[in-house]
Amino acid sequence: MEKNSQGSAPPGTEMVHIRPYQLLGIADDFADQEEIKFFMPPAQGAGSLSTLESVLLIKLLRLVEPDYIFEFGTYKGYTTRLLLENLTASDAQGPRIYTLDLPELSEVVFQGKDKELAQEALGFQRKYLQCARADLVKQLLQDSMTLDVATLPARFDYIFVDANHELSYVRRDTENAFRMLADAPSCVIWHDYGNPQFPELTQYLDELAHETPLFHVQNTMLVFHLRGKEVLPPNA
């Protein structure tokens, strides 16, 4: 897979709101492979993706064909499992998905229901462990505020930011994500944009869109930055 540094759009001026088909309709190398591995979202919903969001994550996975994935926020491992089971082939060696979560909650500032969800995740047998290829996942137990990206063994083509949604964490995780991001094709994805529990997250991403191209997919809480692929214009 040849990579380059070409971006998907000129520098952003504001958040671009697109319909799902504008992402799903981008050509990829999997036209003859319609089948994907999918899991029903848990009944309670909180802390997981919607059905549409799950499909869009897989589409971005196919567009980027990552060697290495980094996930800020493991929770119960639902999204890790989804990405692992749909991971495209690569010559990359060792773990290909690095997923980070809190080892404990003392002195951590939370917003909304995040503390309750983080408490649920402590000691939970994460879902990706049920997969045959679980050895491709490296679990990191660390506060992302103290993460030193220079110690990580790879650059990451696909980064998902869905950990602590308190503003200082979102800012720190985002800044690290761009430090870790590989050349194109590559992407960074954020979850919970527009979630009324996290108004500061939404405002932060709206402000970030003035500096770098960001796309929000309507009817979802996903925002993404995509390098090396053009997002379809409306009515394309």
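The values are calculated or read from the model by the stated rules, or taken from the named source; none is laboratory data. As the structure is a computational prediction, the values presented were derived from the model and not from experiment. Methodologically, a virtual Cβ is constructed for each residue, glycine included, from the backbone with ideal geometry; neighbour enumeration extends over all protein chains shown. With ligands, DNA and RNA removed, areas are computed over all heavy atoms of the protein, side chains included. Shrake-Rupley method; radii C 1.70, N 1.55, O 1.52, S 1.80 Å.
At a glance:
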| quantity | calculated |
| --- | --- |
| Single unsatisfied condition, residue 68 versus (1) touching a Lys or Arg at 6+ places or on another chain (Cβ under 6 Å); (2) open to solvent by 40 Å² or more (accessible area, probe 1.4 Å); (3) modelled with pLDDT under 95 | (3) |
| Residues being over 16 Å from residue 37 (Cβ atoms) and open to solvent by 10 Å² or more (accessible area, probe 1.4 Å) - total across the range 74-95 | 8 |
| Set 207, 175, 211: member being in contact (Cβ under 8 Å) with a residue 60 or more places away in the chain, open to solvent by 40 Å² or more (accessible area, probe 1.4 Å) and among the charged types (D, E, K, R) | 211 |
| Strands (runs of 3 or more DSSP E) contained in the range 35-147 and holding at least 1 residues hydroxyl-bearing (Ser, Thr, Tyr) and closer than 22 Å to residue 193 by Cα | 97-101 |
| Count of residues meeting criterion [out of contact with any Lys or Arg (no Cβ under 8 Å at 6 or more places or on another chain) and open to solvent by less than 20 Å² (accessible area, probe 1.4 Å)] in the range 120-136 | 0 |
